[in-house]
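Written below as structure tokens is the structure these notes are about.
The values are calculated or read from the model by the stated rules, or taken from the named source; none is laboratory data. Just so it is clear, the model here is predicted, and its values are computed rather than measured. Ideal geometry is used to build each Cβ from the backbone, glycine not excepted, and the neighbour counts take in all protein chains shown. Accessible surface areas use protein heavy atoms only, side chains included; no ligands, DNA or RNA. Shrake-Rupley method; radii C 1.70, N 1.55, O 1.52, S 1.80 Å.
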Amino acid sequence: MKRSTRRRLIQGVLYAVFVAVVLFVILAVDWGRIQPYFLNLDVALSTFPEVVTIAAKNTVVYTAIAFVGGMLLGLLLALMKLSPVLPYRWLATVYIELFRGLPALLVIFGFAYALPIAIGWRPPGGNAGAGLIGLIVVSAAYIAETIRAGIEAVPKGQVEAARSLGMNPAWTMVTVVLPQAFRIITPPLTNELVILIKDTSLLFIAGMAIGDRELTTFARDALTSQANATPLVVAALMYLVITLPLTQLVAKLERHNKRGR
């Protein structure tokens, strides 16, 4: 059997398996029972406009704050890890390994409850602020490693050329290395942003006021009050509305970078 014929046969089998699975799911699921509890139009409409004006808006705002804060702290950590000063490298390495190894939920819980009890600290912004600080602390560890990899990916010749022109190390880093590094790491940074959007769902553990709720907390409260799972489906769709354009942007940026190499 020719290789092309065998490949077409395998593809045909795979398509057949896919169609069989889809048909099985369609026929096996009791849609009449699922619809009232997961796809109830009246319940879905009752979540509007608050699911957009409060929950989705807060999700985007929390993501922006956590990403900017994580970016600034992550940049500092990346530079510390690449520093010739040994204590700086140790401190950055310990921080990065520690918060990459801890669950984000545990860190948020610590900032929201453990620290205020232990040292009497009142986080700015209340529980929402404490949760955001936890997200910033965790995201900074991941972003730091991304930035460090981008800096190390810049050709050494660029640095040597800048130094030969009389630029000092700090100015070389700011004007030559970092712009190229951020161009390299734009796709993974955008991917980190998408992950951070979904991680805002962990803020529910901090306890949110009605006006501070993000999508997951809003959906949970609506599910409890209406004894119906449709708000979860609405929240899931809102997450997709926010994240899908960003995932498409990541794919486009990756293709652009490949063409530019």
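At a glance:
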quantity: Those residues of the stretch 217-245 which are surrounded by 14 or more Cβ atoms within 10 Å (Cβ to Cβ) and of a type in the set (A, V, I, L, M), in sequence order; calculated: Ala219, Ala222, Leu223, Ala229, Leu232, Val233, Val234, Ala235, Met238, Ile242
quantity: Search result, residues across the stretch 117-159 that are surrounded by fewer than 15 Cβ atoms within 10 Å (Cβ to Cβ) and over 27 Å from Met173 (Cβ atoms); calculated: Ile117, Ala118, Ile119, Gly120, Trp121, Arg122, Pro124, Gly125
quantity: Residue in the stretch 153-168 that is assigned to a helix (DSSP H, G or I) and more than 29 Å from His256 (Cβ to Cβ) present; calculated: yes
quantity: Inter-residue pairs, beta-carbon under 6 Å, first in contact (Cβ under 8 Å) with a residue 60 or more places away in the chain and of a type in the set (Phe, Trp, Tyr) and in the stretch 106-120, second surrounded by fewer than 16 Cβ atoms within 10 Å (Cβ to Cβ) and assigned to a helix (DSSP H, G or I), 6+ apart; calculated: none
quantity: Failed condition for Val68, given (1) surrounded by 13 or more Cβ atoms within 10 Å (Cβ to Cβ); (2) within 16 Å of the chain's Cα centre (by Cα); calculated: (1)
quantity: Per-region count, the stretch 38-51, residues of a type outside the set (Asp, Glu) and surrounded by fewer than 13 Cβ atoms within 10 Å (Cβ to Cβ); calculated: 4
quantity: Count - residues of the stretch 77-104 that are touching a residue at least 40 places away in the same chain (Cβ under 8 Å), open to solvent by 60 Å² or more (accessible area, probe 1.4 Å) and under 23 Å from Val194 (Cβ atoms); calculated: 1
quantity: Residue ranges of helices (runs of 4 or more DSSP H) in the stretch 86-132 with at least 2 members of a type outside the set (A, V, I, L, M) and under 25 Å from the mean Cα position of the chain (by Cα); calculated: 86-101
quantity: Long-range neighbours under 8 Å by Cβ, at least six apart or interchain, first residue surrounded by 15 or more Cβ atoms within 10 Å (Cβ to Cβ) within the stretch 167-185, second among the charged types (D, E, K, R) and assigned to a helix (DSSP H, G or I); calculated: Thr172/Arg163
